[in-house]
Amino acid sequence: MPSFDEVLKEAGEFGRFQKRVFFLLSQTGITFSSLFASVVFLGRAPDNFWCRIPGAAELSERCGWTLEDERNFTVLPLHLGNESVSGECKRLDVTWDTSASCTSPLARYGNHSSGNLPLATCHDNWVYEQPHSSIISEYDLVCGNAWMLDLSQAILNLGFLAGAFILGYAADRYGRILIYLLSCLGVGICGIIVAFSPNFTVFLIFRFLQGVFGKGTWMTCYVLVTEIVGSDQRIVGIVIQIFFTLGIIILPGIAYLIPTWQGIQLAISLPNFLFLLYYWVVPESPRWLLTRKKGEKALKIMRNIAKHNGKFLSPHYSEITISNEEVSNPSFLDLVRTPQMRRNTLILMYAWFTSALIYQGLVMRLGIIGGNLYLDFFISGAVELPAAFLIIVTIDRVGRRLPFATSNIVASIACLITAFLPEDIPWLKTTVATLGRLSITIAFEVVYLVNSELYPTTLRNFGVSLCSSLCDLGGIIAPFLLFRLAAIWLELPLIIFSILAAICGLLVLLLPETRGISLPETVEDVEQLPSHFGKCGKKQKYRDTNSYI
């Protein structure tokens, strides 16, 4: 009986069929990255807003004031009395009634100058020039409520975290394509509800659920792509990251063209319904079918792949072998029960956490250093494009570990240098910061590939899900760490990023090299990786199997 890799080689490791499936599933990266970074534009700061004095709405209607008139009567006197008070979080502690003058509503307080009038903290009743431009103006996430914007991003990442566990487990038990399609449906439905949420609580609930399903789409499409190609073609796991970057690049254009946050939310959510059409063109992973003892279905799919690739499978094939390992419902203990699996799991979890924390921190840092938000975000996304090409050029020549470690070390050095560069040479500071962003992007993309290559088929989706869940934990922590530390010293977060990246760069050197090997099929295969891997990265054979690893 032939092994799966032998049958795949005969059917075509990256033929027309795999290229079509790869292109279709890669579109998921665009929608997922748009969801991932959407808070930057959904929560953009309103240009002008102020706290409305009680009774001002009625007086404004009676007097026929414009918003500009109302602002002049309420904010300017406050600002003249105390230049440090802008009128956004403080208001005059007065109340206007129908007896107030339309031309001088503060005249009744003539015994007091504007500077002597009492002030009150504003808790609600803000006025925005563009009330539906962002969730900040929609749900009053300003002043004392400003932290709720960070909460909305943390809730999304919490959804990613839950999705990694729940849907990762489900994909290993019920199949990759089924969970992928259900996740696409969930993202679309939850995205619509988010756009029309009547209050911030409903917004948070369905943003969490959109995160759960969003993680399901990205995770399962990635695993599907890596499982239907040969070992020499798993670089597609890196190429698919280009589509994630394309989503980052496209997002500011969408936000620039659509003036309301609801429109942006719908624009990044509705395309997920189109992915439901993949039911008719993307098959289940034959590797997964074999692990569930569904060899006939797997062989039927392999014959279909061969047909589309212009190849022909021997009619004598009646069964494909993949492993002698009994299939069971995966658990965390399966990932740490043996020495090599335990080491891989712990290092990969830290690598995911570090990459996500630094990556999201550097992205959100753009919002606190000033500049044109749309242009800066576009440039920061474009900077990521060379990352995938650099990986493609180097990863099959020098392996995975060296680029993985080097990118983390370079990111560490770049963050450290950026923190101490003077502000009067902005071009140099920007250049070094860009190098750091490029380097951590490389590290982020390599960890996707390495993670999927270091787990056996029966545990692959669960292993990727569990380890990548630390990515979501990093995403939950990132906004709070960035803004709290930046309040102490703007560059302090960069120091923390530098330390974390340096540690990660050293740890990943302890991982086994996976260049040029077939995906491991059993835990025993993973345990044998270090001792059966040649220094030159050439394919080696296990003593007890006929398949390459």
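The values are calculated or read from the model by the stated rules, or taken from the named source; none is laboratory data. Since the model is a prediction, treat every value here as computed from it, not as a measurement. Positions of Cβ are generated from backbone atoms using ideal geometry, with glycine treated the same way; all protein chains shown enter the neighbour counts. Heads up: the accessible areas ignore ligands, DNA and RNA and are worked out on the full protein's heavy atoms, side chains in. Shrake-Rupley method; radii C 1.70, N 1.55, O 1.52, S 1.80 Å.
Radius of gyration over Kirkwood radius for the chain, both on Cα atoms: the Rg/Rh ratio is 1.07. Distance between the 7 Å Cα→Cβ label points at PHE420 and LYS294: 5.8 nm. Between SER331 and ALA487, residue separation times 0.36 nm minus the direct Cα-Cα distance comes to 52.1 nm. Computing FRET efficiency as 1/(1 + (r/R0)^6) for SER104 and ALA45, where r is the C-beta to C-beta distance and R0 is 25 Å, gives about 0.20.
The distance between label points at LEU276 and ASP396 comes to 3.8 nm (points 7 Å beyond Cα on the Cα→Cβ vector). Accessible surface of the chain, 1.4 Å probe: 64 percent of it comes from carbon and sulfur atoms.
Per residue, the chain exposes an accessible area of 42 Å² to a 1.4 Å probe, with every protein chain left in place.
In this structure, the residue pairs whose Cα-Cα separation is over 28 Å, taken from LYS215/LYS307; LYS215/LYS300; LYS19/LYS297; LYS9/LYS297; LYS19/LYS215; LYS215/LYS429, are LYS215/LYS307; LYS215/LYS300; LYS215/LYS429.
Here's how it looks for LEU119: its modeled amide H is under 5 Å from those of ASP93, which are all 5 or more places away or on a different chain. Karplus-derived 3J(HN,Hα) values for segment 245-261, using 6.51 cos²θ - 1.76 cosθ + 1.60 with θ = phi - 60°, are 5, 4, x, 5, 6, 6, 3, x, x, 4, 5, 5, 7, 10, x, 10, 5 Hz; glycine and proline are entered as x.
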